[in-house]
Each structure stands twice: as C-alpha cells, then as structure tokens.
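**Q** Quick one: the structure is below, and I'll ask about it shortly.
The values are calculated or read from the model by the stated rules, or taken from the named source; none is laboratory data. Here the structure is a predicted model, which is why all the values come from computation and not from measurement. In this analysis, Cβ positions are derived from the backbone assuming ideal geometry, glycine residues included, and neighbour counts consider all displayed protein chains. Remember, those area values only see protein heavy atoms, side chains included, never the ligands or the DNA or RNA. Shrake-Rupley method; radii C 1.70, N 1.55, O 1.52, S 1.80 Å.
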Amino acid sequence: MGWSVPQAAPCERPARWSPWVCVCIFAIAYFCALVWVVFDTPSTGLYSLASGHYLPLTGFTVVAILFGLTGYLLPLEIQSLMYFDWTHWQANTHAVWQKWTHQHLCIVEAKNFSPDAELLFRLAGLEPADHDVSAQETVGINIPTGGILVPGIFRFEALSRFLLMGMIPAMQGLSDHKILSLVVQTTRHLSEEHAQCLEKIWQSLPLTSQLDLHLLPAELPFEGWNNPLINTQNPVLILAFHYREPDDKLPEIATSLLLSPARLLKPDTQKVSPQLFRAMPLNMNTLPEDLLELRDMTQQPAESLRLVWFSGLTDILRQKLNAVVHDLKLPLRQEAPMGGQLDFDKGCGGYGSLSGWLMLGAAADMIKRGQGSQWVLAAAEESAWAVVVGTQAPVQADYHSQLPRDVYPAGCLVASLLFNLVLFWSLGHAFPDWLFSFRGTITLILTLVVTMIGSAVGLRIILNRLLEPHFIRSAQQGS
C-alpha cells in the first residue's frame, strides 16, 4: 500500500548506434547501383551524363540509402526515446509525489492531559530530572469541571470547554484569519447534539474566527486528515479526548493540538514549531516495504529520527516492526524503552482509534523536550497509518541529476528526408512543368522548409504519444 507511488518496470538501456553499419548501407547501395549500371550499359558504351539516363538511378540510390538508414536509425531512436522518456517520467512522478507527501501543518501548541502526570515521560524513558516542567503543566486529571456533572453530553461539554479555554492564548497569537477548523474525536459516537454544544461553547469564547466544525467517527483519523484538512489555508484545532460514562473504568485522557499553515506564523515561530506531515496508509502484510518508502520520502531526515510510537499492533507485528527498524538502521534513542520503539498500548491501552491523536500529542510534546523527529504508527481493525512529526526541513531528493540527455533525432531526420524526397519526386513526376518553373521552385523551397521541420517534429511527437500509455500501464502494473 504505502504511498502507492507508481513504479514502472525498468526500461533497458538502448543499444549504441554504429557508424560502420551506416557505412555498410552506403556501400551496399552504391554496389547495387554499380551492378545496375554494368548490366544496363549497352555494348556501344556508357550513356553520357547530359542524357539524364542516370537521374532515376541516382534518385533510387538516394531513396535506398535513406530507407536503409531509416530502418536502422529509427528503431534505435525509438529505444533511446523510450529509455529517455521512461526515466524522466519516473523521476517527474517521484518528484510530484514527494512534493505531495511533504505538505504539512505546523504544530503551534500541543497539550496532553491524563490522570498520570508522568505517563508520557515514563513511556518515553525520561526521568523527572530530565525535563523542566512545573506541576501545573503536568497536572493529573480527571479534567476539572467546577463541580459534579452528570455523565454524557454534560461531561462532553465540560471537557470541550476546558480544552478550548486552554488553547485561547495560542489561537489569539495567530495571524488574522477568518475561519478556524475544529476537529473533534472521542471514543464515543458524536451526534448533532454534540455539534450544537460545540458551537454554543465557541460563541461564548473571546474569538472572532468563524467555526468550521468537523466531527470525526470513532475510527482511525488520518484518512480524513489527509484531505481536505492537510490542504487547508486556515488554522486547525484538534480535540481528541475520552470522557467517562457511569460504567466506564477507563480514566479520562485528552490531547489538544493547534495546527497552522506556515504562512500564518512568524518566521521565528515557524522555525521552532514541529511539523505534522501527510499520513501514509500502511499494509501490515508489507510493513517493511511501506516503512522503507516512508523513510525514502524524507519528510524528515532519517538521521534525525529518535522515537517510533506505535499502537494497535499484535505481538507478531511488534516483532516485525522491531526487525524492520533494525534493517532500516534508524538511529533511534537507545536509552528509551525498547530501543526507541514505544508501545503506547502499555500505558494507554483501551483507547482504540483515539490513540492516533494521543500519540501525536505525545510526539509533539517529546519534540519540545529535545527528543528529535518521530514516527507514529497507529493500527485499529482493518486500518493502519504512519505519520511523521519533526522540526527538520523536509529533504528534497534530486531525482533528475543522473538522468540521460535528450535523444538526438537522427532517425526522425532521416525518415523526414526520405518522406520529403519521395513526396517531391512524386510531385515532379506528376507535374514536371510546374515543379521546374520559377513559381514551382520557390514553392518547393518554402514548402520544403515547412515539411522538413514539420515531419521530423511531428514524428517525434507521435512517438512520444505512443510511448506514454505504455509507460502508464507499466506503472499501474508495477504499483
């Protein structure tokens, strides 16, 4: 699965043309012409040149030479053109896909709340002395609501208000924007009643932005994240939280992420803000190939990768992930648990698809603590996704540096000469008086300029058009 980058079957390098073959074509044509002269010459002696007897022979000889050269050079040019086009089309395809995968939003603010104030640091293998965080920043929760509330929509409203209030300073610090996208996901089904509740809370906040509300189903969120939110021109606020019902034993947990296009941030803020990139769907049956493709897309430099968060993997997939990370030689932080592969389910099991956002919040928090770029792998039921978070600039691969040079159109030029020679020879045979008149000569010269260039260029265009569908079919089969 992966990015599904089209990979056409490799095209074989063309054979190099040999000047000796061209010399042989000339020699054979002249030899045949000489044989014809010998057998056609009467016993009285050779015809004089002024008689015009050898003019057709000369024409046939030139046509034979051009025909032989076309038969030799044009297939070689087609092979070279196929190799040139396939390598350039493949490079252009990779460049476009990489540009697409490098689209991202900046994480302006990230806040995580859980009943265990040290949960994320313990998962990442950090001791309290390794970070400088006040007790207020890591306060354990059930999130305060100012009193006892009835579970259900009332608890949802209290948690939503708490998270939104905590993001007001960050939202007010953004550049002017008319619309803010609010994305909400919980482990519960969200209905129209929840949407009305959020709109009511939004109207009570000291914000001037219009609300663009997106309620996500209780599934892996990244498919909806890729489009249209990753392409948005507006800030995006993610609220992902679990609120308890009366019979629920899972503790409440929440993550809030404020994301923004880079253009809305000041240069200094943009430089230090973590970047959240386009998510890649994973096929667990081809996990090594997918993660190799994720690394090669260089959303973040491979040497900056320090942690890999994962959730929803079976024991077999955990072992496969460990082997893949070892084979890819990722420079993870070895002091972290499992050599930098952090099993989120060990500390936060039971939150299902919500773990995707929770891990992203944890990764953003660890980046701020100097833990480098990170991968987040989330799986639930039939879906699995990988997301990259980091502060390094994406690496643009140079797909075009080693590409072959453009093909010289020798075959097209010879074919054009053959076409024009036969064309105007036929015209001269049909209309000799007109062709050898002053008007006919001028017309011949002007027409020859157009037909020579037009036939050579037209033949090259036709060849390109014929080769392109073949490349597309091969790329689709390779994908």
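**Q** How many residues does the range 305-358 contain that are of a type in the set (S, T, N, Q) and touching a Leu at 6+ places or on another chain (Cβ under 8 Å)?
**A** Pass one, the range 305-358, residues of a type in the set (S, T, N, Q): 311, 314, 319, 322, 334, 341, 353, 355.
Filter again for touching a Leu at 6+ places or on another chain (Cβ under 8 Å), leaving 311, 341, 353.
Looking only at that region, the number is 3.
**Q** Can you tell me which of (1) open to solvent by less than 20 Å² (accessible area, probe 1.4 Å); (2) touching a Leu at 6+ places or on another chain (Cβ under 9 Å) is the one SER474 doesn't meet?
**A** Going through (1) open to solvent by less than 20 Å² (accessible area, probe 1.4 Å); (2) touching a Leu at 6+ places or on another chain (Cβ under 9 Å) one by one, SER474 breaks only (2).
**Q** Select from the range 293-322 the residues that are in a helix (DSSP H, G or I), more than 21 Å from the chain's Cα centre (by Cα) and under 21 Å from LEU220 (Cβ atoms) and list them in ascending order.
**A** Applying the first criterion (in a helix (DSSP H, G or I)) to the range 293-322 yields 293-296, 302-304, 315-322.
Cutting the leftovers down to more than 21 Å from the chain's Cα centre (by Cα) gives us 315-322.
Passing the criteria: ASP315, ILE316, LEU317, ARG318, LYS320, LEU321.
**Q** How about the range 430-446: which of its residues are free of Cβ contacts under 8 Å to residues at least 12 places away in the same chain and either within 30 Å of PRO75 (Cβ to Cβ) or open to solvent by less than 80 Å² (accessible area, probe 1.4 Å) (or both)?
**A** Filtering the range 430-446 down to residues free of Cβ contacts under 8 Å to residues at least 12 places away in the same chain leaves 430-443, 445-446.
Once the filter is applied, which keeps residues that are free of Cβ contacts under 8 Å to residues at least 12 places away in the same chain and either within 30 Å of PRO75 (Cβ to Cβ) or open to solvent by less than 80 Å² (accessible area, probe 1.4 Å) (or both), the range 430-446 yields ALA430, PRO432, LEU435, SER437, GLY440, THR441, ILE442, THR443.
**Q** Same structure, new question: Could you grab the pairs with beta carbons closer than 8 Å, sequence gap of 6+ or different chains, first residue in the range 180-208 and without any contact (Cβ under 8 Å) to a residue 40 or more places away in the chain, second one of a type in the set (Gly, Ala, Ser) and open to solvent by less than 10 Å² (accessible area, probe 1.4 Å)?
**A** Taking only residues 6 or more apart or on different chains, the pairs are LEU198/SER160.
**Q** Moving on. Is at least one residue of the range 339-350 assigned to a helix (DSSP H, G or I), of a type outside the set (S, T, N, Q) and free of Cβ contacts under 8 Å to residues at least 24 places away in the same chain? Lay out the reasoning, then the answer.
**A** The initial filter retains those residues of the range 339-350 that are assigned to a helix (DSSP H, G or I), namely 339-340, 344-348.
Keeping just the survivors that are of a type outside the set (S, T, N, Q) gives 339-340, 344-348.
Adding the requirement that they be free of Cβ contacts under 8 Å to residues at least 24 places away in the same chain leaves 339.
Yes, because at least one residue in the range 339-350 is assigned to a helix (DSSP H, G or I), of a type outside the set (S, T, N, Q) and free of Cβ contacts under 8 Å to residues at least 24 places away in the same chain.
**Q** Could you check the range 397-412 and list, in sequence order, the residues that are touching a Pro at 6+ places or on another chain (Cβ under 8 Å) and open to solvent by 70 Å² or more (accessible area, probe 1.4 Å)? If you could, list the steps in order and put the result at the bottom.
**A** Here is the first cut: in the range 397-412, the ones touching a Pro at 6+ places or on another chain (Cβ under 8 Å) are 411.
Matches in the range 397-412: none.
**Q** Please identify the pairs in which a residue from the range 288-313 that is in contact (Cβ under 8 Å) with a residue 60 or more places away in the chain has its Cβ atom under 6 Å from the Cβ atom of a residue that is open to solvent by 40 Å² or more (accessible area, probe 1.4 Å) and assigned to a helix (DSSP H, G or I), counting only partners at least 6 apart or on another chain.
**A** SER311/ASP345
**Q** Here's something else I'd like to know. Across the range 293-320, what is the number of residues that are out of contact with any helix residue (DSSP H, G or I) (no Cβ under 7 Å at 6 or more places or on another chain) and either open to solvent by 70 Å² or more (accessible area, probe 1.4 Å) or at pLDDT below 90 (or both)?
**A** Selection size over the range 293-320: 6.
**Q** Specify the residue that is most open to solvent (accessible area, probe 1.4 Å); the eligible residues are those in the range 272-287 that are in contact (Cβ under 8 Å) with a residue 40 or more places away in the chain and outside any loop (DSSP other than H, G, I, E, B).
**A** Let us first name the residues in the range 272-287 that are in contact (Cβ under 8 Å) with a residue 40 or more places away in the chain, namely 272-284, 286.
In the following step, the residues that additionally are outside any loop (DSSP other than H, G, I, E, B) were identified as 272, 275-277, 280-281, 284, 286.
Working: VAL272: 104, GLN275: 22, LEU276: 2, PHE277: 0, MET280: 0, PRO281: 29, MET284: 33, THR286: 43 Å².
Ranking the candidates gives VAL272 first.
**Q** Can you pull out the residues in the range 217-244 that are under 21 Å from GLU109 (Cα atoms), open to solvent by less than 30 Å² (accessible area, probe 1.4 Å) and assigned to a loop (DSSP other than H, G, I, E, B)?
**A** Listed by number, the residues that qualify are PRO221, THR232, PRO235.
**Q** Could you please find all residues in the range 81-122 being aliphatic (A, V, I, L, M) and open to solvent by 30 Å² or more (accessible area, probe 1.4 Å)?
**A** Let us first name the residues in the range 81-122 that are aliphatic (A, V, I, L, M), namely 81-82, 91, 95-96, 105, 107-108, 110, 117, 119-120.
Selection gives MET82, ALA95, VAL96, VAL108, ALA117.
**Q** On to the next question. Return a yes/no flag: does the range 382-397 have any residue that is farther than 30 Å from TRP89 by Cα, free of Cβ contacts under 8 Å to residues at least 12 places away in the same chain and outside any strand (DSSP E or B).
**A** yes
**Q** Have a look at ASP247, ASP290, ASP268 and point out the one that is modelled with pLDDT of 90 or more and outside any strand (DSSP E or B).
**A** Working: ASP247 fails: modelled with pLDDT of 90 or more; ASP268 fails: modelled with pLDDT of 90 or more.
Only one candidate qualifies: ASP290.
**Q** Answer yes or no as to whether ALA415 is crowded, with 17+ Cβ neighbours inside 10 Å, touching a residue at least 40 places away in the same chain (Cβ under 8 Å) and either in contact with a Pro (Cβ under 8 Å, 6 or more places away or on another chain) or not in a helix (DSSP H, G or I) (or both).
**A** Numbers: crowded, with 17+ Cβ neighbours inside 10 Å: yes; touching a residue at least 40 places away in the same chain (Cβ under 8 Å): yes; either in contact with a Pro (Cβ under 8 Å, 6 or more places away or on another chain) or not in a helix (DSSP H, G or I) (or both): no.
It is false that ALA415 is crowded, with 17+ Cβ neighbours inside 10 Å, touching a residue at least 40 places away in the same chain (Cβ under 8 Å) and either in contact with a Pro (Cβ under 8 Å, 6 or more places away or on another chain) or not in a helix (DSSP H, G or I) (or both).
**Q** Residue under question is LEU211, and the condition is that it be surrounded by fewer than 18 Cβ atoms within 10 Å (Cβ to Cβ) and part of a loop (DSSP other than H, G, I, E, B); does it hold?
**A** Working: surrounded by fewer than 18 Cβ atoms within 10 Å (Cβ to Cβ): yes; part of a loop (DSSP other than H, G, I, E, B): no.
Answer is no for this residue.
**Q** Applying the selection to the range 1-43, what residues are open to solvent by less than 100 Å² (accessible area, probe 1.4 Å) and among the aromatic types (Phe, Trp, Tyr)? Please lay out each step first, then the result.
**A** Within the range 1-43, the first condition is being open to solvent by less than 100 Å² (accessible area, probe 1.4 Å), and the residues that meet it are 2-9, 11, 14-15, 18-19, 21-27, 29, 32-33, 35, 37-38, 40-42.
Within the range 1-43, TRP3, PHE26 meet the criteria.
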